[in-house]
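The values are calculated or read from the model by the stated rules, or taken from the named source; none is laboratory data. Everything numeric here is computed off the predicted structure, so don't read it as measured data. A quick note on method: Cβ atoms are made from the backbone with ideal geometry, for glycine too, and the neighbour counts reach across all protein chains shown. In case anyone asks, the SASA skips ligands and DNA or RNA and just uses the protein heavy atoms, side chains included. Shrake-Rupley method; radii C 1.70, N 1.55, O 1.52, S 1.80 Å.
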Amino acid sequence: MKPLLLIDVDGVLNPMGRPTADFRRYRCTIGNEVYTVHLNPRHGHRLIELALATGSELVWATTWEHHANDWIAPRIGLPSLPVIHMSPDEPSEHGEMFKTPHVAAYAGRRPFVWFDDQVWAEDEEYLRVRQGLRDFLLIHVDPREGLTSRHLGMAHQWLTLTGFSQGP
Ligand SMILES: [Mg+2]
């Protein structure tokens, strides 16, 4: 079973804080809304590198859903990725984030690493206790700075140490 690398957009690839020189500014038009995002073109390469090194599959776990393939992926050099559908209107039963049940349903028994700025202890507990999942790592990303090499290193190390890595 190929492990999954689940990627959020806002707060992870598009940090909320003042962007550093590594980031470029883009506009995205979705319906009648125009969004400004700041993207680091190196993120795509780094994520692909991690996926190749660990034999993992990159998947979007963002409210951007398939729009991430139109507006985010090409700008950072990622191919079109599978999308976890998120419906934000389901009430939280145990303090978990609205995305977490969708992530659990999508992952099934596959190991996964999830990069998100809104994963907390409640999500960890929900996945372990309510969903009975064990083989996952939640990586909380500081939304002000977004995804860094430290997060990618944590993912690589966990996949390697657990033996879930399918890398060369
Ligand atoms: Mg987010």
Segment 61-66 - phi-based ³J(HN,Hα) in whole Hz, Karplus 6.51/-1.76/1.60, Gly and Pro as x: 10, 8, 5, 5, 6, 5
Heavy-atom accessible surface of the chain: percent carbon and sulfur, 1.4 Å: 50
Local electrostatic count, PRO3, Cβ distance below 14 Å [Lys/Arg +1, Asp/Glu -1]: +2
Whole-Hz couplings from phi, Karplus 6.51/-1.76/1.60, listed for segment 4-21; x for Gly and Pro: 9, 10, 9, 10, 8, 9, 5, x, 10, 8, 10, x, 8, x, 5, x, 7, 5
Shape of segment 34-119, Cα gyration tensor, a/c cut at 1.5: oblate
FRET efficiency estimate (nearest 0.05) - Cβ-Cβ, THR63 to VAL129, R0 25 angstrom: 0.50
Set of segment 100-123 residues, backbone N closer than 17 Å to the point 7 Å along the Cα-Cβ line of HIS85: 100-108
Stretch gain in nm, segment GLN118-TYR35, where the contour uses 0.36 nm per residue and the Cα spacing is subtracted: 27.9 nm
222 nm mean residue ellipticity, helices alone, for the chain (DSSP H n ≥ 4; -39,500 (n - 2.57); rounded to 500): -8000 deg cm²/dmol
Segment 4-162: Rg to Rh, with Rh as the Kirkwood radius over Cα pairs: 0.95
Pairwise centroid distance, computed over Cα atoms, of segment 51-98 with segment 154-168, Å: 21
FRET efficiency, 1/(1 + (r/R0)^6) with R0 22 Å, evaluated for HIS45 and THR20 via beta carbons: 0.80
³J(HN,Hα), Karplus 6.51/-1.76/1.60, whole Hz, each residue of segment 134-148, x for Gly, Pro: 10, 9, 8, 10, 8, 10, 7, 9, 5, x, 6, 10, x, 5, 10
Radius 14 Å from Cβ of GLY55, net charge of other residues (Lys, Arg +1; Asp, Glu -1): 0
Surface per residue (accessible, 1.4 Å probe) for the chain, Å²: 51
Environment charge of THR162, counting only residues whose C-beta is closer than 11 Å and scoring Lys/Arg +1, Asp/Glu -1: 0
Peptides 74-80, 136-142 ordered by average Cβ neighbours within 10 Å, highest first: 136-142, 74-80
